[in-house]
Each structure stands twice: as C-alpha cells, then as structure tokens.
1. Within the chain, what's the longest run with no trypsin sites (Lys or Arg not before Pro) in a DSSP loop and at most 11 other beta-carbon atoms within 10 Å? Give the range, please.
2. Compute the helix-to-body angle for 4-24: its Cα long axis versus the longest principal axis of the chain, expressed 0 to 90° and rounded to tens.
3. Once label points are set 7 Å from the Cα along Cα→Cβ at both Phe93 and Gln155, what is their separation, rounded to one decimal in nm?
4. Within 13 Å, Cβ to Cβ, of Leu163, how many net charges do the neighbouring residues add up to if Lys/Arg are +1 and Asp/Glu are -1?
5. In degrees from 0 to 90, rounded to the nearest 10, what is the angle of the helix 41-61 Cα long axis to the longest principal axis of the chain?
6. Find which of Met187, Leu153, Val74 sits farthest along the positive direction of the dipole of the chain, computed with +1 on the beta-carbon of Lys and Arg, -1 on that of Asp and Glu, about the Cα centre.
7. If you count only protein heavy atoms with a 1.4 Å probe, what accessible area per residue comes out for the range 1-102, rounded to a whole Å²?
8. Where nothing but the Cβ of Lys and Arg (+1) and of Asp and Glu (-1) is charged, how large is the charge dipole of the range 1-154 around its Cα centre, in debye to the nearest 20?
Amino acid sequence: ILDVGFQLSFSATGGILLFYRPILACFPKWGGRLFANVIWGPLAVSFAAQVTTLPLIITYFGLVSVVGIVANLVVVPLVGISAAVGLVSVFVFPFMPAVVVWLNGANWVVLKIAIGLAEIMASVPWAAFQVAQLPLYQWGMYGLCLLLILPELRQRRYRVFVLGGMLFCANYGVWQPILVPKHDLEMFVLDIGQGDAIFIRFSNGKTML
C-alpha cells in the first residue's frame with residue numbers, strides 16, 4: 001500500500017470509475033458515436049486519471065504534467081494491447097511454448113514503441129513544470145472540488161455540505177499559522193540566475209540569507 005506505483009495505479013483506476021462518465025458528459029455531442037469513442041472517450045479517461053493522481057504526483061515528484069493527457073491517448077491503448085497479449089501468452093504457454101516466444105517478441109515491440117513515445121513526449125520543454133508542495137487544507141479543498149464533478153453531489157442537499165467543508169478548510173488555512181506557531185528549521189534554496197541563494201528561518205524566528 002505504501003508503494004508509489006500501487007497508489008498511482010489504484011487512484012487512477014478509482015478516478016476513471018468515479019469521474020469518467022461525468023467528465024464525458026461535459027464534452028461536445030457532435031461528431032457521432034465514432035468520434036466519441038475515438039476522441040472524447042479516451043480524453044475523458046485521461047482527464048479522470050489525471051485529476052485523481054495529481055495530488056500524489058505533486059507530493060512525490062513536485063511536478064504537474066501538461067503533456068500527460070495527450071500522451072495517455074497514445075500510450076494507454078498500446079499498454080492495453082500489451083496486457084492482452086501478455087494474458088494470452090500465459091494461457092498459451094503450457095500448450096505451445098514456441099508460439100509464446102513470438103507473442104512475447106511482438107509484445108516487446110509494442111512496449112518499446114509505448115516507452116519510446118512516452119520519452120519523446122516527456123522531452124518536450126513544456127511537458128511538465130515544477131510546483132511547490134501544497135498544505136493539507138488546500139488538498140482538502142481540491143478533493144471537495146472533485147466531488148462536485150459527480151452529478152449526485154451537485155444536488156442542493158449535498159452541495160451545502162461540500163461547500164461547508166471547503167469553507168472549513170479555508171478557515172483552517174487562514175488561522176492555523178496564527179494559532180499554531182512553527183518551531184521548525186526552514187531552508188529555501190533560490191535560483192537567482194548567477195548562482196544560488198539560501199534563506200534560512202530558525203526555530204526562534206530569526207532569519208539568515
């Protein structure tokens with residue numbers, strides 16, 4: 001449960017199960033069923049996975065991926081093909097081991113293409129940008145905003161509780177630094193172009209640059 005890959009996989013799957021249909025309903029209806037299956041459906045899956053994995057990605061890596069939504073449109077179908085071929089290999093192996101060699105070879109090609117495309121998209125300068133870690137109360141507000149994607153929770157009786165929770169988180173964010181003084185040593189390393197500057201705030205309140 002504490003493994004990052006486990007957390008990302010399950011949060012992405014949970015996001016797709018919860019938010020896929022509400023997000024898909026927000027896209028335009030033009031283009032017919034074919035357009036919906038090829039463009040809007042995969043985009044909705046990608047958005048649903050992104051919004052639920054975003055807190056984990058920022059917490060662990062300090063990054064927000066811009067290209068991830070587009071990359072998923074290409075990489076996810078390839079990974080799906082790879083999973084299907086791998087599953088077939090498991091069942092075929094006891095009866096025809098020689099065939100499995102060819103299946104695994106084909107699977108290697110599919111995965112090589114998927115990894116190559118992901119690396120190409122990740123190499124784009126604007127593919128991702130760094131962000132600071134967010135305090136817990138801001139993530140609480142983010143989670144409550146996500147709940148408003150669900151049509152059931154946009155009803156008036158539930159909306160009052162969600163908005164009340166957001167107000168509680170906002171008040172906590174305002175009053176917590178005032179009522180609970182910090183006693184930690186903080187150090188900020190700043191990129192000033194020609195070199196680095198280090199700002200230190202000591203536990204007694206004094207500072208040093």
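1. On the way: sites that count: Lys29, Lys182, Lys206.
Result, exposed sites excluded: 30-181.
2. Helix 4-24 and the main axis of the chain meet at about 80 degrees.
3. So the two model labels end up 4.9 nm from each other.
4. Details: positive: Arg154, Arg156, Arg157, Arg159; negative: none.
Once positives and negatives cancel, what remains is +4.
5. 40 degrees
6. Leu153
7. Values: 6410 Å² over 102 residues.
For the range 1-102, the per-residue accessible area is 63 Å².
8. Details: 5 positive and 3 negative charges, 77 e Å.
Value, rounded to 20: 360 debye.
The values are calculated or read from the model by the stated rules, or taken from the named source; none is laboratory data. Everything numeric here is computed off the predicted structure, so don't read it as measured data. FYI the Cβ positions are ideal-geometry reconstructions off the backbone, even for glycines, and counts take in every protein chain you see. Areas reflect the complete protein model, heavy atoms only, side chains present, ligands, DNA and RNA absent. Shrake-Rupley method; radii C 1.70, N 1.55, O 1.52, S 1.80 Å.
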